[in-house]
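K.L.:
This structure is in structure tokens; I'll ask about it shortly.
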């Protein structure tokens, strides 16, 4: 409830409007800086082409710079693909942690209602014992995947 009150008071005081204004101003400034940087990069590529064309000829300069940028694009994609596995693992770990937190919060929220009901403690202990048994089973079963056994 305190967070909602804080949000409402922030809206009422105008802090939110000021924060949105600051964010919009920052986005405009960063956009202009990015545009200037891209223009500068374009002129540097043009200068590299002119220097290469004067030294090796126009066709060789165009072929060389074109091939260089294609190799650069390939390297960027290769690095992205290589790092995709670690990103997927991090997302899965984060998702599992979030699901556990939601499950614990839901269980704690429902606990008083379950204890007051007809089944009482039996309603809670049955699934808890089943989860514990499943956790023990998972811990003691050997995996067919040799990589998984090395990780533990």
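The values are calculated or read from the model by the stated rules, or taken from the named source; none is laboratory data. Here the structure is a predicted model, which means the values were calculated and not measured.
K.L.:
Within the stretch 80-125, count every residue that is modelled with pLDDT of 75 or more and not in a helix (DSSP H, G or I).
P.N.:
0
K.L.:
Here is a follow-up. Please state which of the following conditions residue 78 fails to meet, knowing it meets all the rest: (1) under 30 Å from residue 131 (Cα atoms); (2) under 26 Å from the mean Cα position of the chain (by Cα).
P.N.:
Condition not satisfied by residue 78: (1).
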